Structures are given as structure tokens and as C-alpha cells.
1. With the structure loaded, tell me whether Ile220 is at pLDDT 95 or above and over 26 Å from Leu351 (Cβ atoms) or whether it fails that test.
2. Across region 172-187, which residue is least open to solvent (accessible area, probe 1.4 Å) among those that are free of Cβ contacts under 8 Å to residues at least 24 places away in the same chain and of a type in the set (D, E, K, R)?
3. Within region 214-238, can you find the residues that are open to solvent by less than 60 Å² (accessible area, probe 1.4 Å) and either away from the ligand (no atom under 16 Å from the Cβ) or assigned to a helix (DSSP H, G or I) (or both)?
4. Considering region 316-341 alone, what residues qualify as being acidic (Asp, Glu) and within 16 Å of the ligand (Cβ to nearest atom)?
5. Looking only at region 300-315, filter to residues that are under 10 Å from the mean Cα position of the chain (by Cα) and more than 15 Å from the ligand (Cβ to nearest atom); which one of those is surrounded by the most Cβ atoms within 10 Å (Cβ to Cβ)?
6. Counting only residues that are under 21 Å from the mean Cα position of the chain (by Cα) and within 21 Å of Lys134 (Cα to Cα), how many does region 90-119 have?
7. So is His247 away from the ligand (no atom under 16 Å from the Cβ) and part of a loop (DSSP other than H, G, I, E, B) or not?
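The values are calculated or read from the model by the stated rules, or taken from the named source; none is laboratory data. Since the structure is predicted, the reported quantities are computational estimates derived from the model, not experimental observations. So basically every Cβ, Gly included, is an ideal-geometry build from the backbone, and we count neighbours across all protein chains shown. Accessible surface areas use protein heavy atoms only, side chains included; no ligands, DNA or RNA. Shrake-Rupley method; radii C 1.70, N 1.55, O 1.52, S 1.80 Å.
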Amino acid sequence: MKRREWMQSIAAGAMAANLQGAGAQGAAVEAEIYRLKLKHTWTTTMSSSEYRDEIQMHFTSGGITAHGEGAPIVRYKEDAAEGKKAIESVAGYLKSADPMQYTKIMAEVNRRIQGQYAAKSAIDIALHDWIGKKLGVPLYKLFGVDPKDALVTDFSIGIDTPEMTKQKVREAEPFPVLKVKVGLDKDEATMEAIRSVTKKPLRVDANEGFKSKEEAIRKIRWLEGQGVELIEQPLPAAQLEEQRWVHKQVHLPIFADEACLHPSDIPKLADAYDGVVVKLDKSGGIQQVLEMIHTARAYGLKVMIGCMVSASVTITAAAHLSPLCDYADLDGNLLIANDPYRGVRVDRGRLLLPNSPGLGLVKV
Ligand code: MG
């Protein structure tokens with residue numbers, strides 16, 4: 001055998017050995033684009049729509065099928081078609097890998113895929129679901145938390161006409177805390193409509209809608225008198241200096257959402273905000289969110305776990321993490337009419353975690 005042939009035979013042997021790794025037998029990776037139908041037309045400062053396209057993922061290995069989901073975020077230039085392609089680009093690798101080595105797998109996935117954090121989140125969630133099922137434990141046990149400490153979620157009221165806003169508030173009657181999108185020119189009318197039908201505490205999300213630090217100060221001071229308990233992202237994410245200045249002038253706790261995507265973003269935010277909003281789709285999955293929670297704690301920041309409009313796969317994964325956080329904004333699955341799964345349930349806002357292994361999802 002010549003040297004080159006010998007090298008080739010070694011390489012072929014290594015490849016075969018790799019394919020026969022722990023998960024190789026009957027392993028499958030499937031990614032599909034799924035259209036979430038919204039119960040109400042959803043309006044924020046960024047968009048208005050009646051549906052959202054996202055990714056549902058299924059991962060089978062060793063006779064266990066697990067589920068993942070990713071809702072690509074337009075703000076970060078992601079879409080479902082590119083996310084699906086990203087998952088398919090690593091399908092061969094995932095099938096050959098041992099899912100128990102999820103940390104190693106996600107490091108490799110992060111190396112192979114640029115961006116596409118929602119797709120990465122789908123993979124990461126599916127791996128966690130698989131491990132929970134393999135070990136026969138619900139996800140919250142893997143995180144070492146008490147399911148009784150799962151948080152109360154707020155319920156979001158989308159921007160609408162005063163009449164529709166009042167109707168949405170009435171429909172949200174079981175929820176003790178509401179979240180309101182502000183940052184458009186009808187904030188006063190929205191708040192007036194809400195306050196005409198409820199006295200519940202409110203969280204507001206400006207989604208970067210206040211365009212100057214002067215406007216932010218004025219609006220935040222006004223909100224402080226409206227029974228608001230916190231505000232998300234008043235100024236554009238890039239205006240960190242302005243945000244630092246605003247933070248010193250007001251009392252209302254301010255949370256970074258669009259300014260806080262990854263663990264490395266957190267140190268520079270610590271003296272400009274009171275807390276951060278973590279989301280699986282934004283950061284790339286459970287592992288990344290855990291890292292963000294721990295980093296935020298190290299800097300003395302509060303943590304809200306949030307979500308995109310999603311089905312029950314992502315929302316249930318986030319609910320299992322909620323005992324590690326201070327606030328939950330996990331209503332994304334309640335806003336859609338065609339959830340393919342049932343997972344976390346909600347009782348007067350309280351998140352009730354499933355006790356079955358993994359995420360604990362049941363196909364509807
Ligand atoms: Mg937000």
C-alpha cells in the first residue's frame with residue numbers, strides 16, 4: 001500500500017467510526033417551517049402581522065425522538081428558510097454525535113453556523129429534551145430547581161385601538177400582571193384605555209421606540225405614575241451612553257432586551273440597566289441562556305426570561321428555566337391558534353411545569 005492509499009484508508013476508517021458514534025443507529029434530524037397563526041394581529045414598533053413563520057425540529061437517536069423549535073427574529077436579520085437550511089447543514093454531524101455530549105455538540109454547531117440563533121436554539125432545546133427523556137427526568141430536575149418556584153408570567157397586550165385594547169385587557173383577566181407595548185405616538189391613549197378597565201401592575205416594553213434621552217426621561221417619569229413596575233429597552237440598543245444617563249435620572253427599573261443578545265454583552269450594560277431580558281431564540285438556546293443568567297447575577301442584574309411568539313416547545317423549555325429568573329414573560333404560545341403541542345400550563349399566570357421526562361410535551 002502506497003503512503004497516499006494508506007492515508008486514505010485511515011481517513012475512511014475514521015469517518016466510518018465517527019458515523020457509528022453513540023447516536024448513529026436510526027438517527028434522524030428533521031426541520032420544517034411551521035406557520036404560527038396569531039389570535040390577534042400583532043403590532044409592535046417593529047412590525048404588524050397575522051402569522052409568523054418559524055422552525056419545528058425533530059431529533060431522533062437511539063430510539064428516542066426529541067423536539068426543538070426556533071422563532072427567527074427579523075430584527076437580527078433571521079428568517080425561517082435560512083434557519084431551516086442552517087439546521088440541515090449540521091444534520092449529518094448531529095446524527096453521528098452522542099447527544100449526551102451536548103456541550104461539545106453545541107460548541108461545534110456554533111463553530112459551523114454563523115448567526116442563526118433561533119436555529120441553534122432549536123437544536124439545543126431538542127438535545128435537552130432528548131437527554132431528559134434518556135435519563136427519565138423532567139428538564140427542571142436537570143437544572144436543579146424546584147418546579148414550585150416556576151414564576152408567574154405576564155400576558156402581553158399588543159398595540160391596538162383603545163376599544164380593542166380594552167377588550168384584550170378583559171380577555172387577559174386571569175393574569176395578575178400585564179405587559180404593554182409602548183413607543184408609538186398613541187402611548188397615552190393605550191395607557192388610558194388600559195387604566196379604564198384594570199388596576200393590575202403593568203410592565204411596558206418600548207422596543208427601542210423612544211428616540212432621544214429627553215423623550216425617554218419624560219415618558220419614563222410619566223409611566224412611574226401609571227402603576228408600571230418595569231420598562232424594557234426604552235432607547236435604541238446602540239445608545240448606551242444615553243441610556244446610562246437616563247438610568248441615573250429615573251426610579252423605574254429598566255431592562256435591556258435588544259441591547260442584550262449574548263453573555264459577552266452583559267458587562268457593559270451593568271451600570272446602564274437594572275436587569276436583562278434573556279430569550280432562547282435571541283441567544284441560541286438553553287446553554288447560552290444559563291450562561292447569561294449566571295453572568296447577569298455576577299453583575300448584580302435582575303433577569304427576566306422572555307420569548308418570541310412561539311409554540312409550546314420553546315415556551316416550555318423557558319418555563320423550566322424560570323425558577324432561575326426574577327420575572328417571566330412567557331406568553332408566546334398563548335398568542336397563537338395552532339400550537340402543535342401542549343407543554344407548560346398556566347393557572348392564573350402561574351407556570352405549571354410538566355413532570356414527564358424532557359420538556360414534557362404532548363402532541364395535540
Ligand atoms: Mg422586549
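1. Values: at pLDDT 95 or above: yes; over 26 Å from Leu351 (Cβ atoms): yes.
Here the answer is yes, as Ile220 does meet what is asked.
2. As a first pass, look at region 172-187 and keep what is free of Cβ contacts under 8 Å to residues at least 24 places away in the same chain: 172-173, 185.
Now narrow it down to the ones that are of a type in the set (D, E, K, R): 173, 185.
Values: Glu173: 105, Asp185: 145 Å².
Once the filter is applied, the top-ranked residue is Glu173.
3. Selection gives Glu215, Ala216, Ile217, Lys219, Ile220, Leu223, Gln226, Gly227.
4. Residues of region 316-341 that are acidic (Asp, Glu), as a first pass: 326, 329, 331, 339.
Passing the criteria: Asp326, Asp329, Asp331.
5. Our first condition is that a residue be under 10 Å from the mean Cα position of the chain (by Cα); within region 300-315, this holds for 305-310, 314-315.
Narrowing the set further to residues that are more than 15 Å from the ligand (Cβ to nearest atom) leaves 314-315.
On the way: Thr314: 31, Ile315: 27.
So the residue we want is Thr314.
6. Summing the residues that are under 21 Å from the mean Cα position of the chain (by Cα) and within 21 Å of Lys134 (Cα to Cα) in region 90-119 gives 4.
7. Working: away from the ligand (no atom under 16 Å from the Cβ): yes; part of a loop (DSSP other than H, G, I, E, B): no.
Taking the combined requirement at face value, the residue does not satisfy it.
Condition check ((1) among the small types (Gly, Ala, Ser); (2) at positive phi; (3) out of contact with any strand residue (DSSP E or B) (no Cβ under 7 Å at 6 or more places or on another chain); (4) free of Cβ contacts under 8 Å to residues at least 40 places away in the same chain) across all residues:
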| position | (1), (2), (3), (4) |
| --- | --- |
| Gly70 | yes, no, no, no |
| Asp79 | no, no, yes, yes |
| Leu94 | no, no, no, no |
| Met100 | no, no, yes, no |
| Val109 | no, no, yes, yes |
